[in-house]
Amino acid sequence: MGGWNGWVRVVSLLLVGTLPGWAQEAGFGRMVELEELVVTATRTPLRLDQVASAVTVLGRAEIEQSGAADLAALLEQLPFLDISRAGGPGGTATLRLRGLNDSHTLLLVDGVELNDPISPGRSVDLGTLPLESIERVEVLRGPQSALYGADAVGGVVQIFTRRGRPGAWAALSGGSQGRIGSSAGFSRALGGLELNLDLGRESLTGVSAARPAPGVGDADGLRSSHGRLGLAWQARPGLRLSASLNGERSRAELDNCGGPDGDDPDYHALTERAGASLGAELLQAGGQSAATVWEQTTRREYHNRPDAAHPGERADSEYRGRISHAGLQHVRGLPGGHQLLAAAEWEREAGEYRYASASSDGSWLEELSEQSQHQLSFVLQDQWTRGPLLLTGSLRRDQPAQQPARLTGRLTAGYAPQPGWGLRGSYGSGFKAPSLYQRHSPSGNLELAPEHAHGWDLGLDLHATALQASFSWFRTQLQDQIDYDAASWRYVNLGRTTSAGLEADCRGPLPGGLEWSARWTWQHAVDARTGQDLLRRPRQLGRLGLSGGWGAARLSVAWRREGARRDQDFSDWPALPARPVELPAFSSVDLRAAWEAGARWQAWLSVQNVLAADGQESWGYNGQPRAWRLGLDWSL
């Protein structure tokens, strides 16, 4: 796998269709209002009040009003998404949906998968993903393998970037911990050609990731940059061609581990992602068709240099992963209220790594030459509408190379007898194939079986003028879970997880131009073998928000609560085994104030963790400190 040159580096190809095209276009000539439609739930555009699955949408306005500094902080405001950070801004941030592992969530950006194929569980680190270029986020919960394949056991998070709306924008911000950020972008239509571009950079000195003794520990900072370029051409009525390039690069300072002895001033990580896409979308009397080919590459390096506390120790590692994808999708309306979707997809993933270390105890070298695996998949879905009833059935067959085929399914039902409210329910199965690392690394196991899951949820949605509300009751079971077995020094199928809970998402207007919002989740994720709560899973997560606008000014405040969670203390390891600990519950308050200076300018102030709550999401690592940012935005 070749190297990348420059801070926005791109390698790949695409012939797009399954998701990105449907997200941006309807009718191939007019822009759909993304605020009104949901794409991820069925891979076709649906109004939010027609979706019979548990889905939440964050639009650009809510993203700006959140005051979040990065993607992890934004998603943390959704209680059914549990974010665990190893340190402050820029630190490793993992995402869990409904109590399942971070490896059970599929992350898409404009339909392109960001899960890292060479990480042990094919998970994604959210700590370095930029927020400035995001237009919209859709979060779909529950097993979704019938639509999206192996990584969507717990659900799907899909991000749509800012493109397709004519205009330009720029932003400049600065704040505590040496934070400086800048970004700019524009979208322009020239006849039948559409051009989209956005660029951004950010840096901060940060805080110590590890939680050492008081007064000890160096600041762990972050430097990142990103860029995206998109082209679309209306070749003729009904035919649209598109291409895109994306790249991002970051350098994050880390610590060896959590706890009083974890601080390390010379440990850092370099992360680079790059991808490209080409697409063709066709609208005919017989239906809508799209074709896709994309490739996304990831490169991670970790370097730990000798320092005063570790004079004879050094470690260097590099991980390279690549996912290549091609797909065809056709959507057709049929008599009797049916809409049929048929898709075929081919995907190949490849990865390699090298790890070398040296210390007073000797040296160690571990290498994995490039390994790959591919599969062919077929998807069939029928949406049937009859009056207030909407039924959707999906089947997917995944055929990995030299492995048995896997069949997954999903059923959803929505019933809205009158405008303003509706009932919904869904049941789905899922599977998670072993990763390249779990199969081919020195601790790998070629005999691993896929993980299997099934889950259901029931919900009530209200869409009244004075109240928008959504309530869900869910349960998911995961079997043959792949875990590392310390006794045999390899990965084995030994885990079983059960996760159940309740979710509530409500909002509405108040007198005086105010708006309120409340989100709350109670979840119980347990190891089915022992009955113990899974590590780092709080049982309760909640958020209350209040916002209002008065003339050119707007103010929003949010209170967030995270319940207690189990974790492990490794401070005496390996002399003694890890000790179970409980991280206490904590609350934090965030504040954002904005002022519109005319039609094109906005000045804003955002303060995170106003009361300086001392909250740990991972044992031995600092939580998010009190921090402020001041910014100026311009749009045309």
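Values computed for the structure shown
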quantity: Single match in 494, 546 (criterion: surrounded by fewer than 16 Cβ atoms within 10 Å (Cβ to Cβ), at pLDDT 95 or above and assigned to a strand (DSSP E or B)); calculated: 546
quantity: In segment 337-356, residue surrounded by the most Cβ atoms within 10 Å (Cβ to Cβ) [restricted to those that are in contact (Cβ under 8 Å) with a residue 40 or more places away in the chain and of a type in the set (Gly, Ala, Ser)]; calculated: 351
quantity: Filter result (open to solvent by 80 Å² or more (accessible area, probe 1.4 Å) and within 14 Å of residue 430 (Cβ to Cβ)) within segment 398-420; calculated: 407, 411
quantity: Count of residues meeting criterion [open to solvent by 30 Å² or more (accessible area, probe 1.4 Å) and assigned to a strand (DSSP E or B)] in segment 512-526; calculated: 6
quantity: When residues of segment 357-378 are limited to those that are more than 19 Å from residue 445 (Cα to Cα) and within 30 Å of the chain's Cα centre (by Cα), the one most open to solvent (accessible area, probe 1.4 Å); calculated: 378
quantity: Residue check for residue 381: open to solvent by less than 60 Å² (accessible area, probe 1.4 Å), modelled with pLDDT under 90 and either at positive phi or among the polar types (S, T, N, Q) (or both); calculated: no
quantity: Residue identified as surrounded by 24 or more Cβ atoms within 10 Å (Cβ to Cβ), over 25 Å from residue 522 (Cα atoms) and acidic (Asp, Glu) among 82, 116; calculated: 116
quantity: Filter result for residue 265 (surrounded by 17 or more Cβ atoms within 10 Å (Cβ to Cβ), more than 22 Å from the chain's Cα centre (by Cα) and touching a residue at least 12 places away in the same chain (Cβ under 8 Å)); calculated: yes
quantity: Checklist (1) open to solvent by less than 10 Å² (accessible area, probe 1.4 Å); (2) under 18 Å from the mean Cα position of the chain (by Cα); (3) modelled with pLDDT of 85 or more applied to residue 23, failing item; calculated: (3)
quantity: Any strands (runs of 3 or more DSSP E) falling wholly within segment 174-253 and containing at least 1 residues that are small (Gly, Ala, Ser), at pLDDT below 90 and open to solvent by less than 40 Å² (accessible area, probe 1.4 Å); calculated: 193-207
quantity: Residues located in segment 284-318, provided they are open to solvent by 40 Å² or more (accessible area, probe 1.4 Å) and either in contact with a helix residue (DSSP H, G or I) (Cβ under 9 Å, 6 or more places away or on another chain) or over 30 Å from residue 237 (Cα atoms) (or both); calculated: 288, 299, 302, 305, 306, 308, 309, 311, 312, 313, 314, 318
quantity: Members of segment 382-441 that are assigned to a strand (DSSP E or B) and within 30 Å of residue 485 (Cβ to Cβ); calculated: 398, 399, 400, 406, 407, 408, 428, 429, 430, 431, 432
quantity: Selection count where residues are touching a Lys or Arg at 6+ places or on another chain (Cβ under 8 Å) and either of a type in the set (Ser, Thr, Tyr) or part of a loop (DSSP other than H, G, I, E, B) (or both), scope segment 75-93; calculated: 9
quantity: Single match in 61, 68, 72 (criterion: at pLDDT 85 or above and assigned to a loop (DSSP other than H, G, I, E, B)); calculated: 68
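The values are calculated or read from the model by the stated rules, or taken from the named source; none is laboratory data. Nothing here was measured: the structure is a model prediction, and the numbers come from that model. We place every Cβ from the backbone using ideal geometry, glycine too, and count neighbours over all the protein chains shown. In case anyone asks, the SASA skips ligands and DNA or RNA and just uses the protein heavy atoms, side chains included. Shrake-Rupley method; radii C 1.70, N 1.55, O 1.52, S 1.80 Å.
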